[in-house]
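Laboratory data are not the source of any read-out in this text; all were calculated from the coordinates shown. Nothing here was measured: the structure is a model prediction, and the numbers come from that model. As a convention, Cβ positions derive from the backbone with ideal geometry for all residues, glycine included, and neighbour counts pool all protein chains shown.
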Amino acid sequence: GGGFVAGGGDQFGGQAYQQGSQGAAGGFNVDNSGPDGKAKNAKEKQSLLPVTIKQLKNAPSAASGEQNFTVDGHELHQVTIVGLIMTAEEQNTNLQYTIDDGTDDIIVKMWVDQESEELMVQRRAEWREGKVVRVVGQLRMFNNSRSIVAYNIQPLADFNEYTFHFIEAVHSHLRLTKGKPPAAAAAGEDVEDI
């Protein structure tokens, strides 16, 4: 039935994959050590941090360089914000939006690749003034003005995502400034696993 052979895991490399990848993480050898060979601290890993625009505007520059910023004492890598598109400008090389999340507004730039122009046409139509979107990107400074260089812009399908983003931002802030909640710390549980 259906063209599948019973026990046919070998047909598509199932058995060979399992034999060849035992002990390795999914067939890939994972090395979480830094350049000095020591294991990286979990806090040093690059991560995606939910933030408000006000947090980004108030973020001090990191000691590691002028293009790096810190929020709650932790260096920013990638951030996510949720907000309303107030203005939208299309140029040949980039798309520029002013996003307001209720705490402040910020300019978001997304660079356009000419080869993927056809793919972007439909997405651009969704990114118009008055639309609520989620932005994933990096905070940058140019001419003494902070902006986000976006990797991804996605319209919200459900407004609950807007509310949830702010709950996530508050949770991340408390986690970074206060640590684990006392009940979870006492029980030995890791809140991130819940």
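Structure values in brief
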quantity	calculated
Given charges at beta-carbon only (K, R positive; D, E negative), |dipole| of the range 59-152 in Debye	80 debye
Cα pair distances of the range 104-170 binned at 5 Å [whole percent]	4, 13, 21, 25, 20, 12, 5, 1
Across Lys131/Lys178; Lys131/Lys180; Lys57/Lys131, pairs whose alpha-carbon gap is larger than 31 Å	Lys131/Lys178; Lys131/Lys180
